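Inspection log for the structure reproduced underneath, given as structure tokens.
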Amino acid sequence: DGGITQSPKYLFRKEGQNVTLSCEQNLNHDAMYWYRQDPGQGLRLIYYSQIVNDFQKGDIAEGYSVSREKKESFPLTVTSAQKNPTAFYLCASSDRDATDTQYFGPGTRLTVL
Amino acid sequence: QQQVKQSPQSLIVQKGGISIINCAYENTAFDYFPWYQQFPGKGPALLIAIRPDVSEKKEGRFTISFNKSAKQFSLHIMDSQPGDSATYFCAANLYGYQLIWGAGTKLIIKP
């Protein structure tokens, strides 16, 4: 089945630790995105990538880093510099850009203890 | 100018009724307006989308109405069912690079 997988589903982190969230897609999409969702709020873009080895900051990139070494993979690292990392993180992909349908993964819920 | 304002924040509709969610924007450069549906604990999924060259688009029980002069668009769900209970997000595309998202509307359909 084609789709987007994110792992883990739940993640707990101690303050001061970096953590990496996995996102893999087998849809052969060029574009991939990372969003953060907080309760009662819309989705906020962290990073996006339209091609391998290239990515752009979104609205809330501070404290996060990404890589795009392979077309199908777009991991997100939440660093200790992110002051309030507890949130629901969603990865998405689309064929070329944001005018194409974005397909979302099931999300990772990160909790900082 | 890059905001998309969505209302209401929450909505309760009786089964069989019409659910209406509204969005407004300022940036006339937006050229693609999708609606996404999200169930609890899941990622959003595209429901229906419209471009500003048409005023209405219908897919089954879901209709987008688009008013370019007023810079507003809305989602209508006809014959609302309990399975429609979800959070709905409107969004607008900016220069093909990213979607600007509304804050979401939590819809509850009462049986």
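Using a 7 Å offset from the Cα along the Cα-to-Cβ direction at both A:Thr86 and B:Asn27, what is the distance between the two label points in nm, to one decimal?
Once both label points are built, they end up 3.2 nm from each other.
Within the stretch B:19-38, list the residues whose amide N lies under 14 Å from a label point set 7 Å along Cα→Cβ of B:Lys106.
B:38
Taking the Cα centre as origin and putting +1 on Lys and Arg beta-carbons and -1 on Asp and Glu beta-carbons, what dipole magnitude results for chain B, to the nearest 20 debye?
I would put it at about 220 debye.
Compute for chains A and B the buried accessible surface, both sides summed, probe 1.4 Å, and express it in Å² to the nearest 100.
Approximately 1600 Å², summed over both chains.
Just to be sure I follow: if Rg is taken over the C-alpha atoms of the stretch A:1-75 and Rh is the Kirkwood radius over the same atoms, what is Rg/Rh?
With Rg and the Kirkwood Rh in hand, the quotient comes to 0.96.
List the trypsin sites (Lys or Arg not before Pro) within the stretch B:24-88 that fall in a DSSP loop (any state other than H, G, I, E or B) and whose Cβ has at most 13 other Cβ atoms within 10 Å.
Those that pass, being in a loop and sparsely packed, are B:Lys68.
Would you mind checking the pairs B:Lys68/B:Lys110; A:Lys9/B:Lys42; B:Lys57/B:Lys110 and listing those with alpha carbons more than 22 angstrom apart?
B:Lys68/B:Lys110; B:Lys57/B:Lys110
Size of the dipole of the protein assembly as shown about the Cα centre, Lys and Arg at +1 and Asp and Glu at -1 on the beta carbon, nothing else charged, in debye to 20?
The calculation lands at about 640 debye.
Using the basic label-point model (7 angstrom from Cα toward the beta carbon), what is the A:Asp95 to A:Lys70 distance in nanometres?
2.5
Go ahead and run the numbers for FRET between B:Lys42 and A:Gln41, Cβ-Cβ distance against an R0 of 22 Å, rounding to 0.05.
Step by step, r from the Cβ atoms, then E = 0.85.
Between A:Asn53 and B:Arg61, what is the spin-label point distance in nm, taking each point 7 Å from the Cα along the Cα→C-beta axis?
Label-label distance for A:Asn53 and B:Arg61, simple model: 5.0 nm.
Please state the Cα pair-distance histogram of the stretch A:64-108 with 10 angstrom bins from zero: what percent is in each bin?
Per 10 Å bin, starting at 0, the Cα pair percentages come out as 22, 48, 27, 2.
As a test question: what accessible area, to the nearest 10 Å², does A:Arg96 have when a 1.4 Å probe is rolled over all protein chains in place?
Roll a 1.4 Å probe over it and A:Arg96 shows about 130 Å².
Determine the equivalent ellipsoid of chain B by diagonalising the alpha-carbon gyration tensor, then write out the semi-axes as square roots of 5 times the eigenvalues, largest first, rounded to whole Å.
Ellipsoid semi-axes (Å, largest first): 23, 15, 12.
Taking 1 over the mean of 1/r across every pair of different Cα atoms in the protein assembly as shown, what Kirkwood radius in Å do you get?
Radius from the Kirkwood sum: 18.0 Å.
Can you give me the solvent accessible area of B:Asp31 with a 1.4 Å probe, rounded to the nearest 10 Å²?
Estimated to the nearest 10 Å², B:Asp31 gives 70 Å².
Please calculate the 1.4 Å probe accessible area of A:Glu72, with all protein chains present, and give it to the nearest 10 Å².
70
For chain A, what is the charge dipole size about the Cα centre, in debye to the nearest 20, if Lys and Arg each add +1 at the Cβ and Asp and Glu each add -1 at the Cβ?
Dipole about the Cα centre, nearest 20: 460 debye.
The values are calculated or read from the model by the stated rules, or taken from the named source; none is laboratory data. Remember, predicted model here, so these are calculated numbers, not experimental data. Here the Cβ is made from the backbone with ideal geometry for all residues, glycine too, and neighbour counts use every protein chain on show. These area figures cover heavy atoms from the full protein model, side chains too; ligands, DNA and RNA do not enter into them. Shrake-Rupley method; radii C 1.70, N 1.55, O 1.52, S 1.80 Å.
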